Amino acid sequence: MSPQLLYFIVLILLGAGWGITIPMTRVAVSTGYQQFGLIFWELLFSACVLLAITTFRRQRINLKARHFVLLLAITLSGTIVPNSFSYVAAAKLPAGIMAIIISLVPMFTLPMALVWRLERFEAFRFLGLLFGAGAIVLLIRPEASLPDAGSAVFVLFAVLAAACYGFEGNYVSRFGLDGLGAVQALLFASLLGLALITPVVVLSGQWIDLNMHWRAPEWSLLGLSVFHACAYSGYVWLVGRAGSVFAAQVAYLVTLFGVFWSIVFLGEQYSGWVWAALALMMVGLFLVQPRPKTEAA
């Protein structure tokens, strides 16, 4: 098998794996589990997977006190805050719409990168932002597939989650990982997140007792945690082998697979407005993606 074919296969698997976490999130919140309890278990499950990967690879741990700010930024902007918004939104919005909104991450990344002077302004990429904004306008129309008119406000929660992920990407790009491997950084960020979220779970009364007969929501919570940790690790591997420009194309596949899995497993159906929003988002995503001329794949 040629390296190029292997990279394409890995890219598709990453998109399918990350995409399936979107309907899993919808199932996980279906019984009324609240966001802080869900985040606690997601962080714990993810930490176990990442620890196993780190142990298997026999990586040397170079954790220092100076890494605290970095790990805090990753766990807050990459998990605790965005997942709080996502779980609240997922309880009210169809999973397919959540999959479309997650495509906004690169569109938030770009303006933030311009502010931090990590990117240069390019007109066609700015046009991509307008296409993304147009997609959101279509999603909140009364004719879209929202459960009711009041659900439109929860689109904002999902958008805020995407903005947090955009900030996280820019923060890491701007300041780097300071000697930590990407998997190690996510592992330690997950452990720090556990330390932060545990008292919040207890004080808010959102503890989820998993010492029971597991049903679909519990298995979905485990599944989305494992898929996320494995997909993240695979993405890091792909960036190192094929370059970030090639690996960035996974954003298309996450959205498309997210919509596909939502139809297959949840039986969701969408109006023409939602399909139009998906088309606009794909065009916008194409325009804002980094160009190959800036980095060889």
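Nothing in this text is a laboratory measurement; each read-out follows from the coordinates by a stated rule. Quantities reported herein were computed from a predicted structural model and do not represent experimental measurements. Cβ atoms come from the backbone with ideal geometry, glycine included; neighbour counts cover every protein chain shown.
Structure data summary
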item	result
Amide proton proximity set for E119, modelled H, under 5 Å, gap of 5+	L114
Equivalent ellipsoid semi-axes - Cα gyration tensor, the range 166-297, angstrom	30, 26, 14
Where only C-alpha atoms are counted, convex hull volume of the range 142-183 per residue in Å³	88 Å³
Net lengthening on full extension, L72/A195 (0.36 nm per residue, minus Cα-Cα)	43.2 nm
Pairwise label distance in nanometres, A133 with W237, each label 7 Å out on the Cα-Cβ vector	4.0 nm
Of the chymotrypsin sites (Phe, Trp or Tyr not before Pro) in the range 94-176, those whose Cβ has at most 15 other Cβ within 10 Å and which sit in DSSP loop	W116, F121
Full-extension gain in nm, T55 to R141, via 0.36 nm per residue minus C-alpha separation	26.1 nm
Phi-based couplings in Hz for the range 226-242 (Karplus 6.51, -1.76, 1.60; Gly and Pro marked x)	5, 4, 5, 4, 5, 5, 4, 5, x, 5, 4, 4, 5, 4, x, 8, 10
Highest-MSF residue in the chain out of A47, A195, A95 [GNM, Cα springs under 10 Å]	A195
Virtual paramagnetic centre 7 Å along Cα→Cβ of L13, amide N under 19 Å, in the range 242-268	242-244, 246-255, 257-258
Residue among G223, T198, L72 farthest towards the positive dipole end of the chain, charges placed on Cβ	L72
